Structures are given as structure tokens and as C-alpha cells.
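Visitor: Handing you this structure, nothing more for now.
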């Protein structure tokens with residue numbers, strides 16, 4: 001459903017007690033959750049047990065079945081944040097729904113990027129003998145991770161929903177420019193980080209299939225998480241609006257009694 005244009009807020013009144021009990025899931029999201037769970041089970045089965053060791057990386061190649069999908073989904077999440085932020089700033093599509101999608105996608109993206117950094121460090125320990133080195137790919141990835149943590153911190157600052165959405169959208173449009181910088185760093189600066197194994201045909205058979213399963217299952221998980229999180233954010237916004245309205249009503253009542 002395309003978000004509708006609204007100048008102020010697109011949240012409808014929600015009873016606080018009912019909001020606590022209201023589920024954020026639907027038949028579609030439940031199907032997504034089941035599909036992602038099945039995919040992860042397949043990933044464990046093929047990635048850990050059925051796929052062979054790599055000729056040079058040995059068993060260390062299995063880390064890539066988690067590392068690569070996590071990194072790609074982090075890229076996707078941050079791009080979605082940027083596109084949703086642009087949609088909010090564009091007058092014809094301005095809606096807080098876009099802002100909530102941007103925030104939810106950024107949160108999930110930070111989660112995936114954290115997994116990518118951890119698994120990348122483990123892979124580096126096996127391949128290079130160290131957990132971390134300040135080469136261009138690792139440095140730009142860490143900077144991207146910190147940038148989006150800062151973006152989430154800015155979203156938590158005070159102000160109205162519209163003020164939050166506007167300042168967050170501007171930051172998101174600047175931050176998303178880092179994504180191509182991180183991705184192409186291995187081509188521009190030839191760092192210690194290895195080149196893309198899939199693009200160069202280094203993976204095949206069950207190894208390639210395991211990576212494919214990881215990408216598909218993590219993508220389904222990403223969509224499932226974003227859908228749930230943006231619905232939670234919508235409830236939080238509505239409850240905040242009701243709390244403000246109640247506080248103003250109580251203040252007016254106090255003024256009338258003076």
C-alpha cells in the first residue's frame with residue numbers, strides 16, 4: 001500500500017491497553033517468518049555439513065555463508081533507508097510511514113552490519129592470523145556501521161515526529177553515499193580483503209548453493225523484521241501523540257480551575 005500524503009501525522013488513535021495486546025503480525029508476515037526459518041535451517045544443513053571445504057580457505061569458507069549475506073543485507077537496508085527518507089522529503093509522498101520504514105530498516109541494517117563485522121573478524125583470524133587490520137574495506141565498513149548508529153541516535157532526539165523525520169531523512173541521504181564507497185573499496189584500493197568470490201567464479205556447486213540459500217533466507221528475515229518494527233514504531237508514535245494530547249487537556253483543565 002502506498003503511503004498517503006499527510007501534513008502532520010498519519011497515526012490513528014490507539015487505546016494504550018489495546019496497543020500492548022495488539023500483535024504486529026499478519027498471515028503474510030507469519031509466512032515470511034516461517035520461510036526465513038526454513039531457509040536458515042537449510043543454510044545450517046548445507047553450510048555446515050553438506051558443502052565441501054574450500055581448497056585454500058578450508059573450513060573457514062563456511063563463515064562466508066553468513067558473512068556475505070549479512071553484508072549485502074546491510075547494504076540493502078541502508079539503501080532502503082535512503083530511498084524511504086527521500087520519499088519523505090518529497091512533498092507528494094510525504095508521510096510518516098516512510099520515516100518509520102527508514103528507521104526500521106536502519107535498525108535492522110545495523111544488526112546485519114554488526115554480524116558482518118563479527119564474522120569478518122573471525123574469518124580474518126583464520127585467513128590472516130589477526131582479527132582486525134585497518135585496510136580500506138574494513139575501515140570503511142566500520143565507519144559505515146558507526147554512521148548508522150549515529151543516525152539511530154539522532155532519531156532518538158527530542159522534537160515532534162515531523163522534526164525527527166526531517167532531520168533523520170537528511171542524514172540518511174548523506175549516509176547512504178558511503179555504501180558504494182564500501183562496496184567498491186576492494187576494486188579501488190586493492191586492500192588485504194579478498195575480491196568478490198562469486199563475481200570471479202571462485203564458488204561453485206554446493207558452496208555456491210549454500211551462499212544462495214543464505215542470501216535468500218536473510219533477505220526474508222530482513223523483510224520480516226522491518227515489517228514488524230515499523231508497525232511497532234507506528235504504535236509508539238500514536239501512543240506518544242495520545243500522551244501529549246492528554247497532557248495538554250490536563251493542563252487546560254488546571255488553567256480553567258485557577
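Visitor: Which condition does residue 225 not pass, out of (1) modelled with pLDDT under 95; (2) in contact with a helix residue (DSSP H, G or I) (Cβ under 6 Å, 6 or more places away or on another chain), if it passes all the others?
Guide: Only one criterion is unmet by residue 225, namely (1).
Visitor: Out of curiosity, is residue 20 surrounded by fewer than 20 Cβ atoms within 10 Å (Cβ to Cβ), modelled with pLDDT of 90 or more, more than 16 Å from the chain's Cα centre (by Cα) and part of a helix (DSSP H, G or I)?
Guide: no
Visitor: Among 85, 70, 121, 56, which is the only one that is farther than 25 Å from residue 220 by Cβ and either part of a helix (DSSP H, G or I) or within 18 Å of the chain's Cα centre (by Cα) (or both)? Break it down stepwise before answering.
Guide: Values: 85 fails: farther than 25 Å from residue 220 by Cβ; 70 fails: farther than 25 Å from residue 220 by Cβ; 56 fails: either part of a helix (DSSP H, G or I) or within 18 Å of the chain's Cα centre (by Cα) (or both).
Going through 85, 70, 121, 56 in turn, the sole match is 121.
Visitor: Okay, moving on. Can you give me the number of residues within the range 124-139 that are more than 26 Å from residue 222 (Cβ to Cβ), free of Cβ contacts under 8 Å to residues at least 40 places away in the same chain and out of contact with any helix residue (DSSP H, G or I) (no Cβ under 8 Å at 6 or more places or on another chain)?
Guide: 3
Visitor: Answer yes or no: is there a residue in the range 232-247 that is modelled with pLDDT of 85 or more, out of contact with any strand residue (DSSP E or B) (no Cβ under 7 Å at 6 or more places or on another chain) and closer than 16 Å to residue 81 by Cβ.
Guide: Yes, there is a match, as at least one residue in the range 232-247 is modelled with pLDDT of 85 or more, out of contact with any strand residue (DSSP E or B) (no Cβ under 7 Å at 6 or more places or on another chain) and closer than 16 Å to residue 81 by Cβ.
Visitor: Among the candidates 110, 146, 80, 115, which residue alone is at pLDDT 95 or above, surrounded by fewer than 16 Cβ atoms within 10 Å (Cβ to Cβ) and either under 14 Å from the mean Cα position of the chain (by Cα) or part of a helix (DSSP H, G or I) (or both)?
Guide: It is 146.
Okay, residues lined up against (1) farther than 18 Å from residue 64 by Cβ; (2) surrounded by 20 or more Cβ atoms within 10 Å (Cβ to Cβ):
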| position | (1), (2) |
| --- | --- |
| 93 | yes, no |
| 103 | yes, yes |
| 125 | no, no |
| 150 | yes, no |
| 180 | yes, no |
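Visitor: Every residue in the range 21-41 that is closer than 17 Å to residue 73 by Cβ and touching a helix residue (DSSP H, G or I) at 6+ places or on another chain (Cβ under 7 Å), please.
Guide: Listed by number, the residues that qualify are 32, 33, 35, 36, 39, 40.
Visitor: Right, another one. Assuming residue 41 fulfils every condition listed in (1) at pLDDT 95 or above; (2) crowded, with 19+ Cβ neighbours inside 10 Å; (3) under 30 Å from residue 204 (Cβ atoms) apart from one, which condition is it?
Guide: (2) is the only condition that residue 41 fails.
Visitor: A further question on this structure: Determine the pairs where a residue that is on the phi > 0 side of the Ramachandran plot, located within the range 46-68, has a partner that is surrounded by fewer than 21 Cβ atoms within 10 Å (Cβ to Cβ) with Cβ atoms under 9 Å apart, the partner being 6 or more residues away or on another chain.
Guide: Pairs that qualify, where the first residue is on the phi > 0 side of the Ramachandran plot and the partner is surrounded by fewer than 21 Cβ atoms within 10 Å (Cβ to Cβ), are 58/126.
The values are calculated or read from the model by the stated rules, or taken from the named source; none is laboratory data. Here the structure is a predicted model, which means the values were calculated and not measured. Reconstructed Cβ throughout: ideal geometry from the backbone, glycine too, with neighbour counts over all protein chains shown.
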